[in-house]
């Protein structure tokens, strides 16, 4: 008994308690011994019956992410009290997983007695709440404690409105003029800065009012007011501000309550920017279509980056609702296209209008409208042919243009292409006639390396510019493909057969070991379907159908694939795509890690593993068919 009391007096927070209380605690403490490497508590699963006070040994505590990686790992030794935060603040569930690393001895204090101490002694209770507050300042700890979308309901539906703060939204920079500025000058400034709200400052540089598009319409134009009058004659004086650490729902309620459409964002008396009611409401929209509209309203690279960071949450929400992976691909692609278009418009505003008609195209998975959350840039530029004396000028413009677009896209989150298939590479920014020569040489040479290039550039799609340029190029390629060299399709087929489904001889899923985990590359598992469908689409000159699903439907209508073959390939491809997107969204949202294409076999259910084996068998059968058709070989 005396040893227990002496031990408690030496450790926090029990050293805050009176001696007579420590005597009572010592009487109810139970001594427990744990063997080495015992897993004694599981995060969110184990219901704690009390708290543990380590006497000897070591507790290793951590969160597991979806890949079973240990996150926020901590080691606790003699004198540490584990479980207080879990009992008080986490519904009695163990906040973290606990493994005993050595032969460990602890005192166990029952939950009822622990709670009574917290109720009776404020300092004792505050010790646990304060330590929890310190932990919550750690971004990674806070992330796993909050249990993101894959653990609970959708982030968009529950988290964004009631838990998100103003500082998490990209607000607009304040555009202002002085109170004696003529009305027409103020309107000109609004037009130049593309803002619908202009703030007015007095001679002391203090904001005293604002005008909006509606102000100018109702008070100036409707009243036929002289536009050389000072702007303070028509300004609104109802300035409303909100602190940057306020919640989004508070801002929305404040706007409706004060009947204002604009809020200044404040930090310790300084105005940082402003928000419009439309911006706030669009931020809360659960519909991806409304979210896309909010992307169109973005005005800066920072704003566009923040939009792209929200896409994993939208993907997770859609897949969770059972939306087909093909539709989810289209949503991702539409958002990416919208961001690219905004970037292109920004660059044109910066360096001036293009000296020739052009089209900005995207390639590969983005060109097929099959973009995932692990994405890089694949793009090119085709511009109209110009007279000899203008060629160098035109080319110099588009190379500068392409470099700026590429740099901005990289900043937003679309990383540079490792293979340098980007418009910023002089190889992939050329006139229409040059591009025609490219395609003709790829078809005529019929070499293995040109077959790969042709495959990449066959999966292309215009996202900005003069679409007639793209139509003319496709018409040219269509004619060239009517009489290709025999070797052309042989090499395309061999390119399509270089990846094989990951099945062993005994029809088990073939894995590779990465960081002690058995994984397979789902991108490589899907590639054979993309490649073999592309070969059939090229043979039948199907240009208007851009993604794998659309091409499959067109091939079925032409009688190339039967209804059964069509269904097998469609279901196989989009099952894999759904699995891939779900995994990537989980890595970004739950694990706060970079998305990848490796799937851990143990993370799949038995049903999913059996389904994958059947899909890989289906792919093998189709590869055998295309090998026989185009190479006359088994």
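Annotations for the structure displayed:
- Answer from 140, 152 - the residue that is surrounded by fewer than 13 Cβ atoms within 10 Å (Cβ to Cβ), part of a loop (DSSP other than H, G, I, E, B) and at pLDDT below 90: 152
- Residue match in the stretch 530-543 (condition: within 26 Å of the chain's Cα centre (by Cα), touching a residue at least 12 places away in the same chain (Cβ under 8 Å) and either under 23 Å from residue 494 (Cα atoms) or not assigned by TED's automatic domain parsing to the domain that holds residue 459 (or both)): yes
- Within the stretch 486-506, the set of residues being exposed (fewer than 14 other Cβ atoms within 10 Å of the Cβ) and not in a helix (DSSP H, G or I) comprises 498, 504, 505, 506.
- Pairing each residue of the stretch 163-188 that is farther than 15 Å from residue 272 by Cα with any residue that is part of a strand (DSSP E or B), provided the two are 6+ apart or on different chains, yields C-beta distances under 6 Å for 178/201; 179/200; 180/230; 186/177; 186/198.
- Looking only at the stretch 507-522, and only at residues there that are assigned to a loop (DSSP other than H, G, I, E, B) and out of contact with any strand residue (DSSP E or B) (no Cβ under 7 Å at 6 or more places or on another chain), the one that is nearest to residue 596 (Cα to Cα): 515
- Elements of type helices (runs of 4 or more DSSP H) contained in the stretch 349-463, each with 2 or more residues being within 32 Å of the chain's Cα centre (by Cα) and at pLDDT 90 or above: 364-367, 388-412
- For the residues 114, 82, the requirement of being touching a helix residue (DSSP H, G or I) at 6+ places or on another chain (Cβ under 7 Å), crowded, with 17+ Cβ neighbours inside 10 Å and under 24 Å from residue 33 (Cβ atoms) singles out 114.
- Residue within the stretch 427-436 that is surrounded by 16 or more Cβ atoms within 10 Å (Cβ to Cβ) and under 21 Å from residue 330 (Cα atoms) present: no
- Residue within the stretch 585-606 that is surrounded by 18 or more Cβ atoms within 10 Å (Cβ to Cβ), under 24 Å from the mean Cα position of the chain (by Cα) and either within 24 Å of residue 494 (Cβ to Cβ) or assigned by TED's automatic domain parsing to the domain that holds residue 313 (or both) present: no
- Single residue of 87, 98 found to be more than 29 Å from residue 307 (Cα to Cα) and modelled with pLDDT of 95 or more: 98
The values are calculated or read from the model by the stated rules, or taken from the named source; none is laboratory data. None of the values given here were measured: they were computed from a predicted structure. Reconstructed Cβ throughout: ideal geometry from the backbone, glycine too, with neighbour counts over all protein chains shown.
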